[in-house]
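The values are calculated or read from the model by the stated rules, or taken from the named source; none is laboratory data. On a predicted model such as this, the values are computed, not experimentally measured, just so you know. Heads up, the Cβs are rebuilt from the backbone with ideal geometry, glycines too, and the neighbour counts pull from every protein chain shown. Areas reflect the complete protein model, heavy atoms only, side chains present, ligands, DNA and RNA absent. Shrake-Rupley method; radii C 1.70, N 1.55, O 1.52, S 1.80 Å.
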Amino acid sequence: MVDITLHELSKIVNGKLKGDGNYVFNRIAIDSRRLVVPIDTLFVALVGVNNNGHTFIKDLIDKGVRCFLVSEASNLYQKFGNCGFIQVSDTLKALQALARYRRNLIQYPILAITGSNGKTIIKEWIVQLLEHSFLLSRSPRSYNSQVGVPLSLWMLESDVDLGVIEAGISLPNEMSCLQKAIHPNWGLISNIGEAHQENFKSLEHKLNEKLKLFESCEIIFCCADQINVFNAIQNQFANQKLVTWGRSDWCDLQLIKSEQRKNQLILSLKWKDKIFDVELPFSDLASLENAMHAMLVALFMGVEISLLINNAYKFKSVSMRLEQKEGINQCVIINDSYSSDLNSLEVALDFLNQQAIQYDMSRAVVLSDIYQSGIKAPELYQRVVHLLNSKGVLKVIGVGADIQKYANLFPNDSLFYASTDELINSGVLTSLHKNVILVKGARDFLFERVVERLEFKHHQTVMEVNLNALVHNINSFRSLLKPETKILAMVKAFSYGSGSFEIASVLQHHKIDYLGVAYADEGMELRRSGISLPIMVMNPEKSSFAMMLEYQLEPEIYSFNVLRDFVDVVKSQGLVDVPIHIKVDSGMYRLGFLPDEMQSLAEELNLGGCLRVKSVFSHLVGSEDAVHDAFTQQQIAVFTSFSNDLEAKIGYPFLKHLLNSSGVERFPAAQFDMVRLGIGMYGIQATSKLVLMNVATLKTYVSQVKQVQSGETIGYGRRGRISGAGQIAIIPIGYADGLDRRLGNGVGTVLLNSQLVPIVGSVCMDMCMIDITGIEVVDGDEVIVFGDDIPVWKISEAIGTIPYEVLTGISRRVKRVYYME
């Protein structure tokens, strides 16, 4: 913590001092709601598009702030004579100048991390690998912007071994400002992708902008397999030391092999002639990339391989924001159980304070020992108590030997426990009532168990959507594609029942090229939710054409009438080169142009002059079944002839796509330019070529358990019977939720306490009954309708339908819960 007077600040930022220059500050605030110790705080009045910090100055003075960095209203010091103001032309630039001053006081090396994705996760995983061997200080969460970086630098501790800072940009020339502030000794770039691409001319332009961060670096960490990144670094930083990971044997850290297992990756690695295996608790490729970067830094810093193996296995997923949950006894839980350091504690307490004000509740904190702070324990816990007091925390529950030693510093009614087990067994957690509770702990304390005890358990029917599994499945299909083959992902019918926006957002993040929807309103909903990917509308209606143009949706054109109607609307708006997608009927006899209509279609397209064919495609009839292979090959031939002839007639190239999920697996030679993934993304496949993961799990719970006497009947029409006397359970899911009525009377089964049990009697609108005779069951027990152990295809097979119908039939009234580890 650095103390600076306003006299000193005026010289650092080259500003004009107005008022009392003897005030001292050691904290910085840019948000009037986030004050810890007002008298010690400098408020920086930033001016943005929607907010002007100067408007909050009077309120801040009333709260006790006395130090201000301003860019206007030079007569403020006359109104508030008991304060000090430093006036500058640009408060953001002055804040960055103050950060540069702070940086110059730091003697230890700073590692700066940039890239399009993964910066925060890599930073946190580096800390998880190093925290038992080194003293570290890092930027809180994702403080990586033009404002976040200066705040991060200011919060770095003075006496540690390494500082870790993120740096992100969204505009050209921003990185130069961050580089001057951070002046890193070491640099790491995660990757380069499409994030924030709209403000850059090309990926190369954005890459070069990001690499400006490394101008002062002695060492640069990167992935040698990312050829464009690696070549750019080699060309621009010939005199710096490069430390690399990749699959080539010349890399410092070689990835010899990676094996995907269910929810895990097994990596075979080589470092300095030592070959060893690392097990990661994740199965997606993004986590592989992030983990390799983190392990590269840790090994370079001398972490023992045995320690690295142990800590990598314990990698925790990183929440990008504080998680708020409904708690027991009318409490609100703020879950920040993956890390514990002074800077992130201050950020978390800010959030706790806001929520306590919003809910009008008392504040409570469950806090573990704080590791690797670089501050001697007495001073550390004095500062912790100071923070807690400043936010009005009345209840403190401390866990750990260190914090227990300084119990006398905390409020008198604070409670302390040597371990998490001791806390849980004490029963004190269930005594908390009407509190906003911050759970903040170092990962070794496993505070997720505390959160689990405090969280209110909702008993309801939900469909859980595993986004990790979705990404795994997409990447599995990608492994069968040529590098240049694009992917169109179908998100029609509420993304096969899994939720449109949430699924589309993940697909966009993982660089899917196109989305497909059934109707224009689905596409408009995605646009309003912020989805920017190209979207094809498979069943466009004339009444929606104008809105499709407004929302930049691209229609499937399947007939001359649709083509002419769309041309009329396009011409009425004076538009040109509007993208369309031509549907070919290659043998399904559904929508589409027949082969003998190609010539007329080409003539109309050439005459129209306002449209641009973006793609031509067709549907396969039976790509999943070998019995239809001859017909599939006939369809491929028809489509190839039609699309090639049309391309020649209109005089420019377009994308061609024919394969669906099963076609990708069974007909790899017919990839053309793009493929369409649908049901396969959700783990349902035609062959065993790929190891796909289940994405959707439909679960409910036991509402009531009942004894049934011998000879009694169950449900409507007295159709349900069990053998002799027994037990049934009622579960709150019925045909209005999407549970097909054909599953009644013993046809369908559900999973309860690891056992398959039959549905007995008719499926009702909102509930059904299951035979639990001989099984120990209580109210509230979880019931799985479909998921990992009851695949959707088994349900569809039981009632003579297809998995599509089962998934899309789940009602929107069933809550979707999305998770990604």
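I'm trying to understand the selection: among the residues of the stretch 41-59, which are surrounded by fewer than 21 Cβ atoms within 10 Å (Cβ to Cβ) and under 24 Å from V149 (Cβ atoms)?
Taking the stretch 41-59 as the starting set, the residues that turn out to be surrounded by fewer than 21 Cβ atoms within 10 Å (Cβ to Cβ) are 46-52, 54-56, 58-59.
Answer for the stretch 41-59, where residues must be surrounded by fewer than 21 Cβ atoms within 10 Å (Cβ to Cβ) and under 24 Å from V149 (Cβ atoms): L46, V47, G48, V49, N50, N51, N52, H54, F56.
Only one entry of K201, K270, K210 meets the criterion of being over 20 Å from H472 (Cα atoms), basic (K, R) and in a loop (DSSP other than H, G, I, E, B), and that entry is K201.
Identify, from the list V70, V65, V24, the residue that is farther than 18 Å from K391 by Cα, β-branched (V, I, T), at pLDDT 90 or above and crowded, with 21+ Cβ neighbours inside 10 Å.
Working: V65 fails: farther than 18 Å from K391 by Cα; V24 fails: crowded, with 21+ Cβ neighbours inside 10 Å.
Going through V70, V65, V24 in turn, the sole match is V70.
One residue alone among E597, E541 is modelled with pLDDT under 95, open to solvent by 20 Å² or more (accessible area, probe 1.4 Å) and either touching a Phe, Trp or Tyr at 6+ places or on another chain (Cβ under 7 Å) or not basic (K, R) (or both), and that residue is E541.
Scanning the stretch 79-109 for residues that are among the polar types (S, T, N, Q) and under 33 Å from the mean Cα position of the chain (by Cα), we see that the one that is surrounded by the most Cβ atoms within 10 Å (Cβ to Cβ) is T91.
Search the stretch 680-697 for residues being over 22 Å from the mean Cα position of the chain (by Cα) and buried (at least 21 other Cβ atoms within 10 Å of the Cβ), and hand back the single one that is farthest from R813 (Cα to Cα). Walk me through it before giving the result.
Keep residues of the stretch 680-697 that are over 22 Å from the mean Cα position of the chain (by Cα), which gives 684-691.
From what's left, buried (at least 21 other Cβ atoms within 10 Å of the Cβ): 684-685.
On the way: I684: 24, Q685: 27 Å.
Here the residue is Q685.
What number of residues in the stretch 1-29 are charged (D, E, K, R), under 24 Å from R383 (Cβ atoms) and not in a strand (DSSP E or B)?
The qualifying residues number 2.
Contact map, the stretch 381-409: first residue under 18 Å from M1 (Cβ atoms) and free of Cβ contacts under 8 Å to residues at least 40 places away in the same chain, second residue in a strand (DSSP E or B) and open to solvent by less than 10 Å² (accessible area, probe 1.4 Å), Cβ cut-off under 7 Å, separation 6 or more or different chains; pairs are L388/V365; L388/V396.
Checked across the stretch 278-288, the condition of being under 22 Å from H132 (Cα atoms), part of a strand (DSSP E or B) and at pLDDT 95 or above holds for no residue.
Determine whether V396 is in contact with a Pro (Cβ under 7 Å, 6 or more places away or on another chain), over 20 Å from H132 (Cβ atoms), open to solvent by less than 20 Å² (accessible area, probe 1.4 Å) and among the aliphatic types (A, V, I, L, M).
Details: in contact with a Pro (Cβ under 7 Å, 6 or more places away or on another chain): yes; over 20 Å from H132 (Cβ atoms): yes; open to solvent by less than 20 Å² (accessible area, probe 1.4 Å): yes; among the aliphatic types (A, V, I, L, M): yes.
In short, yes.
Within the stretch 765-790, take every residue that is closer than 18 Å to Y682 by Cα and at pLDDT below 90 and give me the one that is most open to solvent (accessible area, probe 1.4 Å). In this case the residue turns out to be D789. Inspection of the stretch 435-447 identifies no residue that is closer than 23 Å to P534 by Cα, in contact with a strand residue (DSSP E or B) (Cβ under 8 Å, 6 or more places away or on another chain) and aromatic (F, W, Y). Restricting F617, F642 to those that are within 15 Å of H581 (Cα to Cα) and in contact with a helix residue (DSSP H, G or I) (Cβ under 7 Å, 6 or more places away or on another chain) reduces the list to F642.
Out of all the residues in the stretch 624-632, is one or more closer than 28 Å to G680 by Cβ, of a type in the set (G, A, S) and crowded, with 16+ Cβ neighbours inside 10 Å? No - not one qualifying residue is present in the stretch 624-632.
Once the stretch 241-253 is narrowed to residues that are without any contact (Cβ under 8 Å) to a residue 24 or more places away in the chain and under 28 Å from the mean Cα position of the chain (by Cα), the residue that is farthest from V691 (Cα to Cα) is G246. For the stretch 396-450, the set of residues classified as closer than 27 Å to N311 by Cβ and among the basic types (K, R) consists of K405, K440, R443, R449, listed by residue number.
Taken over the stretch 780-821, the residue count meeting the criterion of being aromatic (F, W, Y) and over 26 Å from N660 (Cα atoms) is 1.
Would you please name the residue that is most open to solvent (accessible area, probe 1.4 Å), looking only at residues in the stretch 206-233 that are of a type in the set (S, T, N, Q) and either touching a helix residue (DSSP H, G or I) at 6+ places or on another chain (Cβ under 9 Å) or under 20 Å from V297 (Cβ atoms) (or both)?
First, the residues of the stretch 206-233 that are of a type in the set (S, T, N, Q): 208, 216, 226, 228, 231.
Filter once more, keeping what is either touching a helix residue (DSSP H, G or I) at 6+ places or on another chain (Cβ under 9 Å) or under 20 Å from V297 (Cβ atoms) (or both): 208, 216, 226, 228.
Values: N208: 56, S216: 30, Q226: 30, N228: 82 Å².
Residue satisfying both the conditions and the ranking: N228.
Could you list, in sequence order, all residues of the stretch 703-713 that are in contact with a Ser or Thr (Cβ under 9 Å, 6 or more places away or on another chain) and hydrophobic (A, V, I, L, M, F, W, C)?
Start the filter on the stretch 703-713 by keeping residues that are in contact with a Ser or Thr (Cβ under 9 Å, 6 or more places away or on another chain), which leaves 708, 710.
If the condition is that a residue be in contact with a Ser or Thr (Cβ under 9 Å, 6 or more places away or on another chain) and hydrophobic (A, V, I, L, M, F, W, C), then V708 is the only one that fits.
Identification of strands (runs of 3 or more DSSP E) wholly contained in the stretch 665-753 with 3 or more residues that are touching a residue at least 60 places away in the same chain (Cβ under 8 Å) and of a type in the set (A, V, I, L, M) yields 674-677.
For the stretch 468-494, the set of residues classified as surrounded by 18 or more Cβ atoms within 10 Å (Cβ to Cβ) and aliphatic (A, V, I, L, M) consists of A469, L470, V471, I474, I487, L488, A489, M490, V491, A493, listed by residue number. Listed by position, the strands (runs of 3 or more DSSP E) enclosed by the stretch 510-597 that each have at least 1 residues that are of a type in the set (G, A, S) are 514-517. Would a scan of the stretch 726-736 turn up a residue that is over 30 Å from N473 (Cβ atoms), of a type in the set (S, T, N, Q), at pLDDT 90 or above and touching a Lys or Arg at 6+ places or on another chain (Cβ under 6 Å)? Within the stretch 726-736, not a single residue is over 30 Å from N473 (Cβ atoms), of a type in the set (S, T, N, Q), at pLDDT 90 or above and touching a Lys or Arg at 6+ places or on another chain (Cβ under 6 Å). Considering S559, S615, S600, S572, the condition of being touching a His at 6+ places or on another chain (Cβ under 9 Å) and of a type in the set (G, A, S) is satisfied by S615 alone.
Just to be sure I understand, how many residues within the stretch 110-136 are small (G, A, S), open to solvent by 10 Å² or more (accessible area, probe 1.4 Å) and touching a Leu at 6+ places or on another chain (Cβ under 8 Å)? Outline the logic, then answer.
Kept after step one, since they are small (G, A, S), are these residues of the stretch 110-136: 112, 115-116, 118, 133.
Then drop every residue that is not open to solvent by 10 Å² or more (accessible area, probe 1.4 Å), which leaves 116, 118, 133.
Restricting the remaining residues to those that are touching a Leu at 6+ places or on another chain (Cβ under 8 Å) gives 133.
Qualifying residue count for the region: 1.
Quick test for you: out of S145, S137, S170, pick the one residue that is at pLDDT below 90 and in contact with a His (Cβ under 6 Å, 6 or more places away or on another chain). Of the residues listed, the single one that is at pLDDT below 90 and in contact with a His (Cβ under 6 Å, 6 or more places away or on another chain) is S170.
Would a scan of the stretch 747-755 turn up a residue that is in contact with a Cys (Cβ under 8 Å, 6 or more places away or on another chain) and of a type in the set (A, V, I, L, M)?
Of all residues in the stretch 747-755, those in contact with a Cys (Cβ under 8 Å, 6 or more places away or on another chain) come to none.
No, there is no match, as no residue in the stretch 747-755 is in contact with a Cys (Cβ under 8 Å, 6 or more places away or on another chain) and of a type in the set (A, V, I, L, M).
Condition check: of a type in the set (S, T, N, Q), part of a loop (DSSP other than H, G, I, E, B) and open to solvent by less than 40 Å² (accessible area, probe 1.4 Å). Does S762 satisfy that? I'd like the intermediate steps shown before the answer.
Working: of a type in the set (S, T, N, Q): yes; part of a loop (DSSP other than H, G, I, E, B): yes; open to solvent by less than 40 Å² (accessible area, probe 1.4 Å): yes.
Yes, satisfied.
When the stretch 289-310 is examined, which residues are found to be in a helix (DSSP H, G or I), open to solvent by 20 Å² or more (accessible area, probe 1.4 Å) and within 19 Å of F221 (Cα to Cα)?
Filtering the stretch 289-310 for residues in a helix (DSSP H, G or I) gives 289-300, 305-310.
If we keep only those that are open to solvent by 20 Å² or more (accessible area, probe 1.4 Å) as well, we get 289, 300, 305-307, 309-310.
Within the stretch 289-310, E289, F300, I305 qualify.
Of all residues in the stretch 641-657, those that are assigned to a helix (DSSP H, G or I), over 13 Å from Q599 (Cβ atoms) and open to solvent by less than 60 Å² (accessible area, probe 1.4 Å) total 2.
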